[in-house]
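Read the structure below first, then the notes.
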Amino acid sequence: MQVARGPTPYEQLEALPETLVGECLNGMLYTQPRPRSHHALASVRLSRMLGSVYDSDDAPDGDGWWLLAEPEIHFVYRVEVVVPDLAGWRRQRMPQFPDVPMFEIVPDWVCEILSPSTARKDREIKMPLYARDGVGWLWLIDPARRQIEVFERDGETWQARARAGADEQTALAPFPVVTLTLSHLWAPNRSDR
């Protein structure tokens, strides 16, 4: 007698329509629609701010980074698959930028932009996964609260290193040269006009 086998979470991920983002986390497939506009705006603006200094061949002190939006990262090939909002690899660790559909090199930094539909998953499932698999720095950005939290990995746990928000101007590890004007990350409210 043969036992019918259903598709694996990765096979399900591969079959998703392009309108959904899929991740395989702890043996389960998670899906969500593409980000809403406030989420996307914070992502692109942060990428521009950091990239203007670090994502270049003449980065300060030779500390260049490869910064990408929504890369597919395989911590365990075709088993543990994450898609952070932003990720960065120090060029010292990844000197050549590969031409690949997914990355198997653990990023040095990831940033998750929280939304009501993903915040719990980002904090309760992805944060421990990132620590366990060796990501050095994690930023959580909450556009609704206008807040950013910075964490540094300590073994398989996270240590909070900074919290900033609203209209603050601050430099945050691991990007100490860029002073971020946080108000530039947030979409304007009606009262901001």
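If you plug each phi of segment 169-186 into the Karplus form 6.51 cos²θ - 1.76 cosθ + 1.60 with θ = phi - 60°, what whole-Hz ³J(HN,Hα) values come out, in order, with x for Gly and Pro?
Rounded to whole hertz, the list is 10, 7, 9, 10, 5, x, 10, x, 7, 8, 8, 7, 9, 4, 4, 6, 7, 8.
Placing +1 at every Lys and Arg Cβ and -1 at every Asp and Glu Cβ, with all other atoms neutral, what dipole size does the chain have around its Cα centre, in debye to the nearest 20?
Details: 21 positive and 28 negative charges, 135 e Å.
So the magnitude is around 660 debye.
Counting other C-beta atoms within 10 Å, and keeping those with at most 16, which DSSP coil GluC sites (Glu not before Pro) do you find in segment 2-36?
Taking segment 2-36 and a limit of 16 other Cβ atoms within 10 Å, the loop GluC sites (Glu not before Pro) found are Glu18.
So what is the orientation-averaged projected area of segment 86-146, using the convex hull of its C-alpha atoms, in nm²?
4.9 nm²
With a 10 Å cut-off between alpha carbons and a GNM built on the chain, which of Val110, Val82, Val178 moves the most?
Answer for the Gaussian network model of the chain: Val178.
Determine ³J(HN,Hα), in whole Hz, for all residues of segment 25-37 in sequence, where each value follows from phi through the Karplus function 6.51 cos²θ - 1.76 cosθ + 1.60 and θ = phi - 60°; x replaces Gly and Pro.
In residue order, the calculated couplings are 10, 6, x, 10, 8, 10, 10, 7, x, 4, x, 6, 5 Hz.
As a footprinting exposure proxy, order His184, His74 by other Cβ within 10 Å, with the fewest listed first. Before the final figure, lay out the partial values.
Details: His184 14, His74 19.
Fewest to most other Cβ atoms nearby, the residues stand as His184, His74.
Within 10 Å of each residue's Cβ, count the other Cβ atoms and sort Glu152, Glu104 from fewest upward.
Lowest count first: Glu104, Glu152.
Taking amide H positions as placed 1.01 Å from N in the peptide plane, with prolines and chain starts having none, which residues 5 or more places from Leu180, or on another chain, fall under 5 Å of its amide H?
Residues meeting the criterion, in which the H sits 1.01 Å from N, are Thr170, Ala171, Leu172.
Which one of Leu185, Trp89, Phe103 has its Cα pushed farthest toward the positive end of the charge dipole of the chain, where Lys and Arg give +1 and Asp and Glu give -1 at the Cβ?
Leu185
Return Ser56, Ser37, Ser47 ranked ascending by Cβ neighbour count within 10 Å, so the fewest neighbours appear first.
Values: Ser56 12, Ser37 9, Ser47 18.
Ranking Ser56, Ser37, Ser47 by Cβ neighbours within 10 Å, fewest first, gives Ser37, Ser56, Ser47.
Bear in mind these aren't lab numbers, they're just calculated from the coordinates by the rules spelled out. The model shown is predicted, which means the values in this text are computed figures rather than measured ones. When we count neighbours, we look across all protein chains shown, and the Cβ atoms used for this are built from the backbone with ideal geometry, even at glycine.
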